[in-house]
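Asks: Before anything else, here's the structure in question.
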There are 2 protein chains.
Amino acid sequence: MPRRGTKKPYIPIDGQACQVRDIGICAPFSGEALGALETFKAAERMYAPGRDFLVQGESAGEFFTVLDGWAFLYELLEDGRRQILDFCLPGAFLGFQPDLSAPVTYSAQALTDMSVCVFPRSRVADFVRQHPELGLRMACVAARDQYLAFRHLSNVGRRTARERVASLLLELFFRVRLHSPASSGDKIVIPLTQEHIGDALGLTSVHVNRTLRQLREEKLLTLKGGSLQVLDPDRLAEVAGFESDVAFLRH
Amino acid sequence: MPRRGTKKPYIPIDGQACQVRDIGICAPFSGEALGALETFKAAERMYAPGRDFLVQGESAGEFFTVLDGWAFLYELLEDGRRQILDFCLPGAFLGFQPDLSAPVTYSAQALTDMSVCVFPRSRVADFVRQHPELGLRMACVAARDQYLAFRHLSNVGRRTARERVASLLLELFFRVRLHSPASSGDKIVIPLTQEHIGDALGLTSVHVNRTLRQLREEKLLTLKGGSLQVLDPDRLAEVAGFESDVAFLRH
DNA sequence: AGCGACCCCTGATCTAGATCAAGTCGTGTG
DNA sequence: CACACGACTTGATCTAGATCAGGGGTCGCT
């Protein structure tokens, strides 16, 4: 999909076109502004699976866009209980806070090998003043993330284990397929353990296991070795209580 | 507290100074820009308790700042289960979405008599282009709201009923006192039924009732007739597992 | 005064999901 | 090859919180 003939239509990564060019924070930029955005960018960085690249309580001074790979945001309680707040796919925007010097309130951990775009918090105010479209874009992305967080909250607060699991897996299924090049087929790669799923949904991994077995026995889905296969999207959506407004999952 | 000597330092409401001038979306504005913001504002409006002023599934075309009174955001599931997503106090910013024409994803209901500032969604992009500080401000407010939503999610997903109730009430206690003129004393007005509390925390009102009794018997708090009295903030904070980063509750 | 709508409160019982305990796999490693 | 480790599985039991059922108080309305 070629873009209008500007000098620098894409932000290069390792000499390649940026995969999240159209869905991330950079979407509204083009032409000269895109070049400026690139000077605003502080770095690109890689993280290995398991790496905590944001740590609750520390102050980071930077925020991120995920270029490739999966991560998740989480909060730890004093006694070790963990709540996963969000799964971050390519295009996700994270780490931004109003008070630039304050410690961050959640941790972020890589689930796969991943690469991120790093922006310095200190210069964001100036940059937004020169490029107002970034401010609006950030507000829009934040609004979408709020929608996801609210959905997640309804799931955990008011749905049964069965509904929660169906809903999360179906949501991830759609989110992945929305932007992945090979977006057909009923199978996606999903680098989560049953414990991740439990910690996202307020359940124990034991109970997640039993719930998955049930869904498998009903021929709704299979989840095995990091691969999710949705056998019957419609019935699964029914179980999940999906409002089918999948459009909102888009960035 | 007098501000620098500009012509129009406050947005007038019914001839009075705006109560949320320093905490809402307008905080970074002053002087001429403040006048411009006022022309951006579409209206002021009042709502009576119980009034749904945003309805899930309808498209609104406007977003709001709460000037006075309480409201709450909620989602309804098909079978009537309700999840309260957030309580909105003066200064709250709500109803903004990336896709201006899309239906809103949650409902908003007034808890008390309230007044709101109404902004048209259609003109926000233009206005932000002329006044970049609004875009940044919206992003900041959204980041704070995300923090609250994440907190809420951790509560509901990973804490016991006792911890949830303590945490919510203490949070509201601090949020109210932060901006209320009479911010001393151990008592605040809190216009919630036990059912509201339950629907916010993923509990039944019956269980909220029992939990409140327990907290009352332990002389931690009393909640009666819309009035919350925190008897022992420190012990209550302990029960709530509060991380004491109350600073973040500020707008 | 009488009535209906809401809240608040409490006891008895039930159940979804937690906890405890053990065993199977698969995979990397000294 | 043995063996340690992490993820997945399954059964038995327990419990936090739901559900069911009822009683009482207050307020506004006729």
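Asks: About the Cα centre of the stretch B:31-150, how large is the charge dipole given +1 on each Lys and Arg Cβ and -1 on each Asp and Glu Cβ? Please answer in debye to the nearest 20.
Replies: On the way: 10 positive and 16 negative charges, 28 e Å.
Magnitude of the dipole: close to 140 debye.
Asks: Still on this structure: Tell me, what HN-Hα J-couplings in whole Hz come from the Karplus equation 6.51 cos²θ - 1.76 cosθ + 1.60 at θ = phi - 60° for each residue of the stretch A:196-204, using x for Gly and Pro?
Replies: Each residue of the stretch A:196-204 in turn: 4, 4, x, 5, 6, 9, x, 10, 8 Hz.
Asks: Also, quick follow-up: Which residue fluctuates the most in chain A, going by a Gaussian network model with Cα springs under 10 Å, if the choices are A:Gly80, A:Gly69, A:Gly91?
Replies: Most flexible of the set in this elastic network: A:Gly80.
Asks: Take every residue in peptide A:124-135, count the Cβ atoms of other chains within 10 Å of its Cβ, and give the average of those counts.
Replies: Values: counts 3, 5, 0, 2, 7, 4, 1, 2, 11, 5, 4, 12.
Across the residues of A:124-135, the mean count of other-chain Cβ atoms within 10 Å is 5.
Asks: Cα gyration tensor of the protein assembly as shown, axes a ≥ b ≥ c as square roots of the eigenvalues: rounded (a/c below 1.5), prolate (a/b > b/c) or oblate?
Replies: On the way: a/c = 1.62, a/b = 1.07, b/c = 1.51.
In terms of gyration-tensor shape, oblate.
Asks: In addition: For the rotation that brings chain A onto chain B, whose beta-carbon in chain A is nearest the axis, and what is that distance in whole angstrom?
Replies: Spelled out, residue of A and its Cβ distance from the axis onto B: A:Gly135, 1.
Asks: Here is a further query. Amide H to amide H, which residues 5 or more places from B:Leu54 or on other chains are under 5 Å from it, using H placed in the peptide plane?
Replies: B:Ala108
Asks: Which one, B:Gly57, B:Gly95, B:Leu76, is farthest towards the positive end of the dipole of the stretch B:31-150 when Lys and Arg carry +1 and Asp and Glu -1 on their Cβ?
Replies: B:Gly95
Asks: Let me ask something additional. I need the inter-copy label distances for B:Asp126: point set 7 Å along Cα to C-beta, values in nm with one decimal, smallest first.
Replies: Label-point separations across copies, in nm and ascending: 3.2.
Asks: Still on this structure, please answer the following. Please list, ordered by chain and number, the residues whose modelled amide H lies under 5 Å from the amide H of B:Asp68; skip anything fewer than 5 residues away on the same chain.
Replies: So B:Asp68 has HN proximity to B:Ser115.
Asks: Something else about it: Evaluate the distance, in nm, between pseudo-label points positioned 7 Å from the Cα of A:Ala43 and of B:Thr160 along their respective Cα→Cβ axes.
Replies: For the pair A:Ala43/B:Thr160, the computed spacing is 4.4 nm.
Asks: Over chain A, with a Gaussian network built from C-alpha contacts below 10 Å, which listed residue (A:Ala110, A:Ala43, A:Ala161) shows the highest mean-square fluctuation?
Replies: Comparing A:Ala110, A:Ala43, A:Ala161 in the GNM, the peak value goes to A:Ala43.
Asks: If you take the beta carbon distance between A:Gln214 and A:Asp113 as r and set R0 to 45 Å, what does 1/(1 + (r/R0)^6) give as a FRET efficiency, to the nearest 0.05? All intermediate terms of the calculation are to be shown ahead of the outcome.
Replies: Numbers: r = 33 Å, r/R0 = 0.73.
Taking R0 as 45 Å, the efficiency between A:Gln214 and A:Asp113 is 0.85.
Asks: Summed for both chains, how many Å² of accessible area, to the nearest 100, are buried between A and B with a 1.4 Å probe? Working shown, then result.
Replies: Values: alone 12770 and 12750 Å², together 21350 Å².
About 4200 Å² of accessible surface is lost on pairing.
Asks: Would you mind listing the distances between the B:Lys41 label point and the same position in each other copy? Use 7 Å along Cα-to-C-beta, nm, one decimal, shortest first.
Replies: Relative to the other copies, B:Lys41 has label-point distances of 4.1 nm.
Asks: 5 Å is the cut-off here: which amide hydrogens, built 1.01 Å from N in the peptide plane, fall below it relative to B:Glu62, excluding neighbours closer than 5 in sequence?
Replies: The answer is B:Arg121.
Asks: Could you please state how large a percent of the accessible area of the protein assembly as shown is carbon and sulfur, counting protein chains only and using a 1.4 Å probe? Numbers along the way, then the final one.
Replies: Working: 10780 of 21350 Å².
That share works out to 50 percent.
Asks: Then there's this: May I ask for the distance between the Cα centers of the stretch B:159-222 and the stretch A:16-72, given as a whole number of Å?
Replies: Here the answer is 39 Å between Cα centres.
Asks: Over chain B, with a Gaussian network built from C-alpha contacts below 10 Å, which listed residue (B:Ala149, B:Ala92, B:Ala200) shows the highest mean-square fluctuation?
Replies: Of B:Ala149, B:Ala92, B:Ala200, the most mobile in the Gaussian network model is B:Ala149.
Asks: Under a 1.4 Å probe, what is the accessible area of the stretch B:116-251 per residue, stated in Å²?
Replies: 41
Asks: Quick check: pseudo-label points 7 Å beyond the Cα along Cα→Cβ at A:Leu76 and B:Arg81, how many nm apart are they?
Replies: Spacing of the two 7 Å Cα→Cβ label points: 3.1 nm.
Asks: Restricting to DSSP loop positions (anything but H, G, I, E, B) with no more than 14 other Cβ atoms inside 10 Å of their own Cβ, which trypsin sites (Lys or Arg not before Pro) remain in the stretch A:77-162? Intermediate results must be reported in sequence, preceding the final value.
Replies: Numbers: sites: A:Arg81, A:Arg82, A:Arg121, A:Arg123, A:Arg129, A:Arg137, A:Arg144, A:Arg151, A:Arg158, A:Arg159, A:Arg162; in loops: A:Arg81, A:Arg159.
Here no loop site has a sparse enough neighbourhood.
Asks: While we're on this one: Give the angle, between 0 and 90 degrees and rounded to the nearest 10, that separates the Cα long axis of helix A:161-179 from the longest principal axis of the Cα atoms of chain A.
Replies: 40
Asks: Measuring nothing but label to label, 7 Å from Cα along Cα→Cβ, what are B:Arg216's distances to the other copies in nm, shortest first?
Replies: 4.9
Asks: Calculate the dipole size of the stretch A:140-180 relative to its Cα centre from +1 charges on Lys and Arg beta carbons and -1 charges on Asp and Glu beta carbons; express the result in debye to the nearest 20. Each step should come with its number before you reach the end.
Replies: On the way: 8 positive and 3 negative charges, 22 e Å.
Roughly 100 debye for the stretch A:140-180.
Asks: Karplus couplings for the stretch B:125-141 from phi (6.51 cos²θ - 1.76 cosθ + 1.60, θ = phi - 60°), rounded to Hz, Gly and Pro as x?
Replies: Using θ = phi - 60°, the values come out as 4, 4, 5, 5, 4, 7, 10, x, 4, 5, x, 4, 4, 4, 4, 5, 4 Hz.
Asks: Hey, can you list the residues from the stretch A:148-197 whose accessible area shrinks by 50 Å² or more with all protein chains present, relative to the chain by itself (probe 1.4 Å, no ligands or nucleic acids)?
Replies: Residues of the stretch A:148-197 that lose at least 50 Å² of accessible area once the other chains are added: A:Phe150, A:Leu153, A:Ser154, A:Arg158.
Asks: How shielded is B:97-106 by partner chains, expressed as the average number of their Cβ atoms within 10 Å of its Cβ atoms?
Replies: Values: counts 7, 12, 6, 1, 0, 3, 2, 1, 9, 5.
The per-residue average across the peptide is 5.
Asks: Which whole number gives the average count of other chain Cβ atoms within 10 Å of the Cβ atoms across peptide B:72-85? Don't jump to the answer; show the numbers that get you there.
Replies: Numbers: counts 0, 2, 2, 8, 2, 7, 2, 2, 0, 5, 3, 9, 4, 7.
The mean count of partner-chain Cβ atoms within 10 Å per residue comes to 4.
Asks: Once phi is turned into ³J(HN,Hα) by the Karplus curve 6.51 cos²θ - 1.76 cosθ + 1.60 with θ = phi - 60°, what whole-Hz value does each residue of the stretch A:229-242 show in order, with x for glycine and proline?
Replies: The phi angles translate into 10, 9, 7, 9, x, 5, 5, 5, 4, 5, 4, 6, x, 6 Hz.
The values are calculated or read from the model by the stated rules, or taken from the named source; none is laboratory data. Treat the numbers as computed from the prediction; the structure is a model and nothing was measured. Positions of Cβ are backbone-derived with ideal geometry, glycine not excepted, and every protein chain shown enters the neighbour counts. Side chains included, ligands, DNA and RNA excluded: accessible areas come from the protein's heavy atoms. Shrake-Rupley method; radii C 1.70, N 1.55, O 1.52, S 1.80 Å.
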